[in-house]
Structures are given as C-alpha cells and as structure tokens.
1. Applying the selection to the stretch 33-72, what residues are modelled with pLDDT of 95 or more and either among the aromatic types (Phe, Trp, Tyr) or assigned to a loop (DSSP other than H, G, I, E, B) (or both)?
2. Could you grab me the full set of residues in the stretch 14-49 that are farther than 15 Å from Thr80 by Cβ and β-branched (Val, Ile, Thr)?
3. Filter the stretch 3-23 down to residues that are surrounded by fewer than 15 Cβ atoms within 10 Å (Cβ to Cβ) and over 24 Å from the mean Cα position of the chain (by Cα) and give me whichever is modelled with the highest pLDDT.
4. Can you pull out the residues in the stretch 99-116 that are surrounded by fewer than 17 Cβ atoms within 10 Å (Cβ to Cβ), assigned to a helix (DSSP H, G or I) and either charged (D, E, K, R) or at pLDDT 90 or above (or both)?
5. Of everything in the stretch 168-208 that's among the β-branched types (Val, Ile, Thr) and either modelled with pLDDT under 55 or in a loop (DSSP other than H, G, I, E, B) (or both), which residue is farthest from Arg145 (Cα to Cα)?
6. Do we have any residue at all in the stretch 1-11 that's closer than 21 Å to Ile164 by Cα and assigned to a helix (DSSP H, G or I)?
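The values are calculated or read from the model by the stated rules, or taken from the named source; none is laboratory data. Everything quoted here is computed from the prediction, not taken from an experiment. Because the Cβ atoms are built from the backbone with ideal geometry, glycine has one as well, and the counts that use them run over all protein chains shown.
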Amino acid sequence: MVEALTSAPPEAIDDHTLMLRVREGDIPMLGELFQRHARPLYGFFVRLTGDRAGSDDMVQQVFHRILRYRHTYRDVGSFTGWMYIIARRVLADFQRHRAQHQPPAEEPALEQLADERTHAADAAEAGDQTALLHRALATLPEDVREVIVLARFQELPYEEVARILDISLSAVKTRIHRAMKDLRAAYFRIQEIPPMGLPTATREKESA
C-alpha cells in the first residue's frame with residue numbers, strides 16, 4: 001500500500017500510511033504528521049502541566065522520538081495512539097526533571113491559564129465558561145485530568161484511550177464516568193452553585 005501512494009501528495013495520505021513511509025526512510029513525510037498533530041499534542045501537554053514553554057519543548061521531543069524509534073512502528077494499529085504513548089513518556093520525563101530541579105512552590109499554577117481568560121476585559125460569556133471549565137480541570141488529580149483530556153479534549157475513541165493507558169475498555173469507561181463527575185463537582189464548586197450538570201449557555205444574572 002505504501003508503494004502505491006508514493007506519488008500521492010502528503011495531505012491526501014492517512015496518518016498510518018505516512019508513518020509507514022517514515023519508517024521506510026521517507027523522512028520528509030514526518031513534516032506532514034507534525035503539521036497535523038503538533039497543535040493538539042501541545043494542547044494535551046499544556047492542559048496537564050500548565051507550562052506553555054515546556055509544552056512546546058515536549059512536542060518537539062515527541063517528534064524527535066518518533067523519528068528515532070520509527071523502526072518500532074507496526075503495520076497494524078493507530079499512529080495517534082502510538083504518538084500519545086510516546087507523549088506520556090515524554091511527559092513523565094518532563095515532570096521528573098521539573099520535580100528534581102524546581103521547588104514545588106515555584107511550579108506554574110495550572111489555574112493561571114484559565115484565570116488569564118477569566119479576567120480578560122469584555123470576555124464573551126462562552127469564553128468565561130470555557131475558562132471556568134479549564135480552571136476546574138486544573139484542580140483535579142493528574143490521572144483524572146489525563147483521561148478527560150484524552151477522551152474529551154483530544155476526542156480519542158475509548159478503544160484508543162484504553163490502548164494508550166494500557167487498561168481495559170471497561171476500565172476506561174469507568175474512569176471517564178468518575179472523572180466527568182469530579183469535573184462537574186469542581187466546576188460548580190468554583191461557581192459556588194449546586195452541581196446539576198455540565199455548563200450550558202445560560203448563567204444566573206447578577207444583580208445590578
């Protein structure tokens with residue numbers, strides 16, 4: 001299949017086939033994969049660490065490792081799932097290095113990302129709600145955030161999440177159910193209103 005698509009433009013080729021070409025030595029095809037996945041991968045890292053500069057570095061490290069370990073990519077499977085497995089290892093290395101070299105008190109607060117949006121002048125209502133949602137996400141334990149980010153923000157299928165986390169599909173469903181419940185509670189705790197459900201387009205009007 002790879003040979004049949006060698007003349008096709010990169011944008012017309014699916015991720016899996018592009019990675020097979022990279023594995024076989026067509027290294028420029030990695031640039032197309034980077035264009036497709038760098039931004040969502042950055043979002044994955046920044047939602048879990050709150051560190052923008054570090055997230056940029058980690059995206060680069062992921063693709064360096066993809067290039068370095070391209071020979072381990074299999075003919076069957078998903079490029080996205082394989083990429084996030086590598087991403088989790090890069091993240092673990094980053095957090096270990098940060099814990100060793102940066103005092104806990106100086107670690108960037110995850111809530112800062114949301115606070116910057118929340119306090120922006122004339123922010124739209126939907127933007128405020130998104131900021132609150134990210135702020136609530138930041139209060140959750142990392143393992144809870146991770147499953148929410150993979151399934152909801154990265155929009156990966158549950159089967160893919162199961163492969164990335166190396167757990168069963170039923171365990172993924174259970175974790176996501178509990179994680180979303182925790183996220184609802186955190187969101188409404190920030191708003192100081194009872195947790196009736198996820199945010200909608202309506203909010204209580206403030207008294208003049």
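1. Phe34, Tyr42, Phe44, Phe45, Phe63, Tyr69
2. Ile27, Val46, Thr49
3. Ala12
4. First, the residues of the stretch 99-116 that are surrounded by fewer than 17 Cβ atoms within 10 Å (Cβ to Cβ): 99-109, 112, 115-116.
Remaining after also requiring assigned to a helix (DSSP H, G or I): 99-101, 104-106, 112, 115-116.
Correct list: Glu106, Asp115, Glu116.
5. As a first pass, look at the stretch 168-208 and keep what is among the β-branched types (Val, Ile, Thr): 172, 174, 176, 190, 193, 200, 202.
Retained after the next criterion (residues that are either modelled with pLDDT under 55 or in a loop (DSSP other than H, G, I, E, B) (or both)): 193, 200, 202.
Values: Ile193: 22, Thr200: 21, Thr202: 25 Å.
Filtering the stretch 168-208 for residues that are among the β-branched types (Val, Ile, Thr) and either modelled with pLDDT under 55 or in a loop (DSSP other than H, G, I, E, B) (or both), the one farthest from Arg145 (Cα to Cα) comes out as Thr202.
6. At the first step, the residues of the stretch 1-11 found to be closer than 21 Å to Ile164 by Cα are none.
No, the conditions are met nowhere in the stretch 1-11.
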